[in-house]
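Below is one structure; the comments refer to it alone.
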């Protein structure tokens, strides 16, 4: 507090971030303020957020830090490090900011030796907190000392930061809403990720209100699109500005999800005690349940929008900062402590595998998995099985296959497909995928059959097949309507496949053999033709099949029965 943050920002940007009358009257920042500076050397506009220093306005400080990518740590040359300086840095770390530049202010009023001591204290403090410093800058906002050097330092700092992910979904944290005559409602906030364009349809969460973007501004200038890490004012006439609260999110339809249960990593909280968890600017009360080590399951009082790896601050019931958290699972489906604990290494190191495992036989749509990460996920880069647009963990499908085989065995080789789907709680898609690679099984009349053990005699299609084939040898084309049961009937010996796409009933086949035996131990092709009254098209495949079965043996122009017959 009173270390000259607001004055420094005004000196750098010519923008006074203390806009409230009370701030002017008391000479201190109460709410977050926003400014920008255009750095020509790197052709970049840098957004600057003025964060209140007083401990009473901690939630406002969190609101400012929640959208920041870097930190200018401002320290008064005469006062040095103060408790709120320490707390602000810890807050910044809770949002994943572990680097900064330092501006030592009011050097025109301080002794050089004192400035040196303050710098050494800050260096030691940053070292202990494991925060990387990109430079110290000695400035005086009043006298204009060191401002150009600080701008160059900011430029160097900004260039060292990673670019915003190009594939991330659009998310904007809203801090205010108001009505403008002729335009309607305008929502102002910080774009955390993604891109928004004029004409896009957005959803105001957690209310779920849909609206179309009419106009977009960045610091008073109309733009066609807004990008990650920019301050935006978005004109959404269909939304009633009175419904909007600080911390609400603007997102695109169908890209992100709302949740009231999350899994986080945090140190310093106690199970069963109520805390306030910040998701962006929005604080929501919740109660943690300890899972293992630093992992907690949080039940929230209100739905929030969040994605994997989000960072945030946690306050106790009195409003004091406790610690930061990192989000591990935005929408856990398995609430069993044992399950989470067993797969903890996957949750932390291989989250996609974890999410697919916890989704079980329901699987995850590509859209849902992408929502967990806040960006488009390419299913080809995952260790999963894709059935339609649903992804499954291979082990889940392996377990389903094993349970399916047990079901068939316990049902004496015959079970209704509807019963399989119901008992295993699977989709037709999963069943079809498993059956495709399942050898020795067939689907007939809505039944799944074990081709070896199933009793098919009572199946209507089997009865019709046997009736259809009672007159003699049939071609495969004639049996198209019986193709499912035909395979099983062949394997169970009711039907013989003669090759050449010809089939014959077992009893008719045996009858033909007996008739040929009436010709004696040997017979010619012509004798067989006259005896069986068959054309060569059917007779030759029949006789060759008898050879293959070992019933006969061809010797020149005659065949003789084997001793086994």
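Values in this text are rule-based calculations from the coordinates and carry no lab data. Given the structure is predicted, the values throughout are model-derived calculations rather than measurements. Cβ placement follows ideal geometry from the backbone for every residue including glycine, while neighbour counts extend to all protein chains displayed.
Odds and ends about this structure:
- Each stretch of four or more DSSP H residues adds -39500 (n - 2.57); spread over every residue of the chain, this sum gives -9500 deg cm²/dmol at 222 nm.
- Relative contact order computed over the chain (Cα-Cα under 8 Å; 6+ residues apart), in percent: 7 percent
- The chain: angle of helix 394-410 to the longest principal axis, Cα-based, in degrees nearest 10: 40 degrees
- Listed candidates (1) 79, 23, 21; (2) 68, 25, 21; (3) 38, 27, 25 - label of the one calculated as semi-axes √(5λ) of the Cα gyration tensor in Å: (1)
- The angle separating the long axis of helix 147-160 from the principal Cα axis of greatest extent in the chain is about 10 degrees.
- Overall form of the stretch 233-335: prolate. Here a/c, set by the Cα gyration tensor axes a ≥ b ≥ c, is 1.5 or more, and a/b is the larger of a/b and b/c.
- Relative contact order, percent, the stretch 258-392 [alpha-carbon distance under 8 Å, six or more residues apart]: 22 percent
- Ordering of 408-421, 78-91 by packing [mean C-beta count within 10 Å, highest first]: 78-91, 408-421
- Contact order normalised by residue count of the stretch 29-121, Cα under 8 Å, 6+ apart, percent: 24 percent
- Three-way shape label, the stretch 5-160, alpha-carbon gyration tensor, a/c 1.5: rounded
- Gyration tensor verdict on the stretch 258-392 (Cα atoms; rounded if a/c is under 1.5, prolate if a/b is larger than b/c, oblate otherwise): prolate
- Separation of the stretch 432-484 and the stretch 108-143, taken as the distance between their Cα centroids, equals 85 angstrom.
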